[in-house]
Structures are given as structure tokens and as C-alpha cells.
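Student: Below is one structure. I have some questions about it.
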Amino acid sequence: MITVTVWKRDGESYKIESSGHAGFAEKGRDIICAAVSALLVNTVNSIDSFTDDIIHVVSEEGYLSLEFIVGPGRDSGLLIDSLMLGLSQIQDSYDRAYLKVIVKEV
């Protein structure tokens, strides 16, 4: 199962962590892993390319962490909202045994 945890402070996301593998299909054919990875990597690249926010990213096999050092600004907030929409749609379209999205307000 992929677990994506989003930490929010005052309603704004400041850290996102994804870990695990969906287990929907064999490695290289797992459409849920591919979709979640594409959404996460695109979000990181978009924040880096299109905003002035500063993020710290750790990425390795089966794990990605994104944490705002400066931000999130309005544009990053919109990109995070888009990420959450995509993740929610994947979670709702497939058995929740493959993807679990957790939001923590701190």
C-alpha cells in the first residue's frame, strides 16, 4: 500500500510524505504506483519551476518527502490542491487497499 501523509498548519500544507508500493500489479506494470509517482514528481517539479517557494525534497525507491522551507505561496497551494485532487480520485477509483491519503492538521 502507498501511504501519502499531508501535514497542514493553519489550513496550508507544509509537508507531504509518500511511502510504500501499491501492490496492484507486478513491478513495472503497477498503474497505481505509476500514477501516484507521476503526480508527486510533477508537483515537485512544478513547485520548483513555477514558484519562488523553497522546498526540501528527499526521493528514493518507494519514498518521497516534500517540505516547504519558504512557502507555500498561493501558486504552490494551488499545485498541492491539484495533487490532492488527483490522489483522492485514485483512492476513490480503486480499492483503498492500494492507496491511503492521510491529512494531519497540526
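The values are calculated or read from the model by the stated rules, or taken from the named source; none is laboratory data. All figures in this text were calculated on a predicted structure; none of them were measured in a lab. As a convention, Cβ positions derive from the backbone with ideal geometry for all residues, glycine included, and neighbour counts pool all protein chains shown. All accessible areas refer to the heavy atoms of the entire protein, side chains included, with ligands and DNA or RNA removed. Shrake-Rupley method; radii C 1.70, N 1.55, O 1.52, S 1.80 Å.
Student: Counting other Cβ atoms within 10 Å, which GluC sites (Glu not before Pro) in region 28-106 have at most 13 and lie in a DSSP loop?
Tutor: For GluC sites (Glu not before Pro) across region 28-106 that sit outside H, G, I, E and B with at most 13 neighbouring Cβ atoms in 10 Å, the list reads GLU61.
Student: Highest first, please rank the peptides 44-50, 76-82 by the mean number of other Cβ atoms sitting within 10 Å of their residues.
Tutor: The packing order, highest mean first, is 76-82, 44-50.
Student: OK, next. Counting only protein heavy atoms and a 1.4 Å probe, tell me what percentage of the chain's accessible area is made up of carbon and sulfur. Write down the numbers at each step before the final one.
Tutor: Details: 3110 of 6310 Å².
Carbon-and-sulfur percentage of accessible area, whole number: 49.
Student: Once the whole set of protein chains is in place, how much accessible area is left on TYR14, using a 1.4 Å probe, in Å² to the nearest 10?
Tutor: 40 Å²
Student: Students often check this: by mean Cβ neighbours within 10 Å, which of 2-8, 52-58 ranks highest, and how do the rest follow?
Tutor: Going by the mean number of other Cβ atoms within 10 Å, highest first, we get 2-8, 52-58.
Student: Sticking with this structure for a sec: Positive end of the charge dipole of the chain (Lys, Arg +1 and Asp, Glu -1 on Cβ, about the Cα centre): tell me which of VAL101, SER49, SER82 has its Cα farthest that way.
Tutor: Comparing the listed Cα positions along the dipole, VAL101 ranks first.
Student: Straight-line reach from LYS104: which lysines have a Cα under 26 Å away, not including same-chain ones fewer than 8 places off?
Tutor: Output for LYS104: LYS8, LYS15.
Student: Match the structure shown to one of the listed values (i) 8.0; (ii) 6.2; (iii) 7.0 of mean projected area of the Cα convex hull in nm², computed from it, and give that label.
Tutor: Given (i) 8.0; (ii) 6.2; (iii) 7.0, the structure-derived one carries the label (ii).
Student: Using +1 on the beta carbon of Lys and Arg, -1 on that of Asp and Glu, and nothing else charged, what's the dipole of region 1-78 about the Cα centre, debye to 20? Walk me through the numbers before you get to the answer.
Tutor: Details: 6 positive and 12 negative charges, 43 e Å.
Once rounded to the nearest 20, the dipole reads 200 debye.
Student: Sticking with this one: Determine the per residue accessible area of the chain with all protein chains present and a 1.4 angstrom probe, expressed in square angstrom.
Tutor: Spelled out: the 1.4 Å probe surface of the chain, per residue, equals 60 Å².
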